[in-house]
């Protein structure tokens, strides 16, 4: 871990905080290094029940470092081949796949601007809560870029192809309240209530049956791209696997005894 990405774990909740508030948490090489190391590790840590991604200060993430883009455009950056740059970017973009596919829930907490790749990272998470006044935008068209970190995939599936095209082409800015209305985020609250609301929701998510949630994610992701027959095959395998978990067995007993279950993620 490094100062551009802070990590804390408490009560089964791992919080990753993008930490460049002076630059609205614009993405840096150090931030990518931290995310690339932390996400696989947290995904495989049985003590972690939920991963929260957020930004320090009043922003979530303003996306790529546009000042760095300008330096490269002026030829100040070290010269590399086209293929090398493609490979390097693709490796960094794995952080979106980890957020989307890790076998436990991921929650984006959006206190302020989420733009470009920053918005893509928020969309890669399973769930999103935003301040009502937070500004969200794809932003890419404003600087002549096509987009990265999976935003085109996630927006198509979250808000539909027509809305996704409008958001990408125009670079329109919407606030958290509008994002809630169109289904881009799941909850929007006043900025003064965001920390408390996010903490309460995170605690609820961390108390869920983690193994079952992981298999639910696999089923739902499969449902985005596979045939019904293939999804039924996957559901059958995953259902039998979850029948064998300690969480299911304890919940079945609790159901018979008419009390609320307590899940331990086993």
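Restricting to segment 4-41, name every residue that is without any contact (Cβ under 8 Å) to a residue 24 or more places away in the chain and under 21 Å from residue 94 (Cβ atoms).
The first filter runs over segment 4-41 and keeps only residues without any contact (Cβ under 8 Å) to a residue 24 or more places away in the chain, leaving 8, 10, 22, 29, 41.
29, 41 - these are the residues of segment 4-41 that are without any contact (Cβ under 8 Å) to a residue 24 or more places away in the chain and under 21 Å from residue 94 (Cβ atoms).
Let's see how each residue does on (1) part of a loop (DSSP other than H, G, I, E, B); (2) outside the structural domain of residue 89 (by TED's automatic domain parsing); (3) at pLDDT below 95:
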{"site": "133", "(1), (2), (3)": "yes, no, no"}
{"site": "136", "(1), (2), (3)": "no, no, no"}
{"site": "142", "(1), (2), (3)": "no, no, yes"}
{"site": "148", "(1), (2), (3)": "yes, no, no"}
{"site": "153", "(1), (2), (3)": "no, no, no"}
{"site": "158", "(1), (2), (3)": "no, no, no"}
{"site": "162", "(1), (2), (3)": "no, no, no"}
{"site": "165", "(1), (2), (3)": "no, no, no"}
{"site": "169", "(1), (2), (3)": "no, no, no"}
- Return yes or no: is residue 189 on the phi < 0 side of the Ramachandran plot, in the same structural domain as residue 11 (by TED's automatic domain parsing) and crowded, with 23+ Cβ neighbours inside 10 Å? no
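Would you check if there is a residue in segment 122-130 being within 14 Å of the chain's Cα centre (by Cα), part of a loop (DSSP other than H, G, I, E, B), at pLDDT 95 or above and closer than 19 Å to residue 35 by Cβ?
Here is the first cut: in segment 122-130, the residues within 14 Å of the chain's Cα centre (by Cα) are 122-130.
Of the ones still in play, those that are also part of a loop (DSSP other than H, G, I, E, B) are 125-126.
Adding the requirement that they be at pLDDT 95 or above leaves 125-126.
Of the ones still in play, those that are also closer than 19 Å to residue 35 by Cβ are 125-126.
There is at least one residue in segment 122-130 that is within 14 Å of the chain's Cα centre (by Cα), part of a loop (DSSP other than H, G, I, E, B), at pLDDT 95 or above and closer than 19 Å to residue 35 by Cβ.
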- Task: Run down 50, 42 and say which single residue is touching a strand residue (DSSP E or B) at 6+ places or on another chain (Cβ under 6 Å), under 22 Å from residue 130 (Cα atoms), assigned by TED's automatic domain parsing to the domain that holds residue 122 and modelled with pLDDT of 95 or more.
- Result: 50
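So which residues in segment 10-51 are in a strand (DSSP E or B) and surrounded by fewer than 15 Cβ atoms within 10 Å (Cβ to Cβ), if there are any at all?
We begin by selecting, within segment 10-51, every residue in a strand (DSSP E or B); these are 10, 13-18, 50-51.
Selection gives 10 alone.
For (1) surrounded by fewer than 12 Cβ atoms within 10 Å (Cβ to Cβ); (2) over 14 Å from residue 49 (Cβ atoms); (3) modelled with pLDDT of 95 or more, each residue gets a yes or a no:
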{"site": "197", "(1), (2), (3)": "no, yes, yes"}
{"site": "202", "(1), (2), (3)": "no, no, yes"}
{"site": "210", "(1), (2), (3)": "no, no, no"}
{"site": "223", "(1), (2), (3)": "no, yes, no"}
{"site": "233", "(1), (2), (3)": "no, yes, no"}
{"site": "244", "(1), (2), (3)": "yes, yes, no"}
- Matching residues in segment 165-174 - criterion: being surrounded by fewer than 16 Cβ atoms within 10 Å (Cβ to Cβ) and within 20 Å of the chain's Cα centre (by Cα): 173
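The values are calculated or read from the model by the stated rules, or taken from the named source; none is laboratory data. The structure presented is a predicted model; accordingly, all values stated were derived computationally and were not measured. Here Cβ is always computed from backbone atoms with ideal geometry, including for glycine, and neighbour counts include all displayed protein chains.
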